[in-house]
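For reference, the structure is listed below as structure tokens.
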Amino acid sequence: MFSYSHEEEKQLLNIAYEAIGYGLAHGAYLQVNEQEYSEGLQNHSATFTTLIHSGMLRGCTGTLEAMQPLVNAVARSAFNSAFNDSRFPPLQTSELDQLNISISILSPNEKLSFTSEEDLLEQIRPGIDGVVLEYIGQKGTLLPSVWEAIPDKHQFLSTVKQKAGFPQDFWSNDIQVSRYTTHVIKD
């Protein structure tokens, strides 16, 4: 599903850095002309951009749905990770030297059918799947890269529940869960 050349991956990382630099200078989104890029980078894609500063999470935002060309999605998620992640204050120029960027390009969501929480846990693939949990208009997700920090399936699902705004032990037969994979590009 994912096929990007080394050059295309470099271009996406450059767009992310440019979007953050533009945001610092102008306080606005960087407008990217997708026509200047290869067809693969013009395809509509869902993305998340993760910012790491001095080894610690500094921002991570994105979209679960492919709503715009990949180059535009990367620019937007990089800007939002730097300046609009509610868990962190806006990024400062002084942080750029120690900043590392990781771009996750998401596959389409695959809705899972299950009869119980245990059945659901049997279907989740550690280290491979990102998980989206939805219930009564609330939604939470964890990227596949989070398996590095939370390798246990039960804890992973509990953390997704918390991100959606529910207690760790919450369960309802009306929960909707989907999974996705990612192609990760790191600087």
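The values are calculated or read from the model by the stated rules, or taken from the named source; none is laboratory data. Just so it is clear, the structure is predicted and the values come from calculations on it, not from any experiment. Heads up, the Cβs are rebuilt from the backbone with ideal geometry, glycines too, and the neighbour counts pull from every protein chain shown. With ligands, DNA and RNA removed, areas are computed over all heavy atoms of the protein, side chains included. Shrake-Rupley method; radii C 1.70, N 1.55, O 1.52, S 1.80 Å.
Results, tabulated for the structure shown:
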quantity	calculated
Check on Phe83, surrounded by fewer than 22 Cβ atoms within 10 Å (Cβ to Cβ) and either under 25 Å from Ile175 (Cα atoms) or in contact with a Leu (Cβ under 7 Å, 6 or more places away or on another chain) (or both)	yes
Where Leu64 falls short, out of the listed (1) closer than 19 Å to Lys163 by Cα; (2) in a loop (DSSP other than H, G, I, E, B); (3) more than 17 Å from the chain's Cα centre (by Cα)	(3)
Failed criterion for Val177 (all others in (1) hydrophobic (A, V, I, L, M, F, W, C); (2) surrounded by 19 or more Cβ atoms within 10 Å (Cβ to Cβ); (3) not in a strand (DSSP E or B) hold)	(3)
Yes/no for Pro151 being exposed (fewer than 12 other Cβ atoms within 10 Å of the Cβ) and either closer than 19 Å to Ser104 by Cβ or within 17 Å of the chain's Cα centre (by Cα) (or both)	yes
Neighbours by Cβ (under 9 Å, 6+ apart or cross-chain): first from the range 175-187, within 13 Å of Ile128 (Cα to Cα) and touching a residue at least 24 places away in the same chain (Cβ under 8 Å); second open to solvent by 40 Å² or more (accessible area, probe 1.4 Å) and among the hydrophobic types (A, V, I, L, M, F, W, C)	Arg179/Ile128; Thr181/Met1; Thr181/Phe2; Thr181/Ile128; Thr182/Phe2; His183/Met1; His183/Phe2
Top-ranked residue in the range 46-77 [being of a type in the set (D, E, K, R) and in contact with a strand residue (DSSP E or B) (Cβ under 6 Å, 6 or more places away or on another chain); ranked as least open to solvent (accessible area, probe 1.4 Å)]	Arg58
In the range 1-45, the residues that are open to solvent by 40 Å² or more (accessible area, probe 1.4 Å), part of a loop (DSSP other than H, G, I, E, B) and within 21 Å of Ser107 (Cβ to Cβ)	Met1, Phe2, Ser3, Tyr4, Ser5, Tyr37, Ser38, Asn43
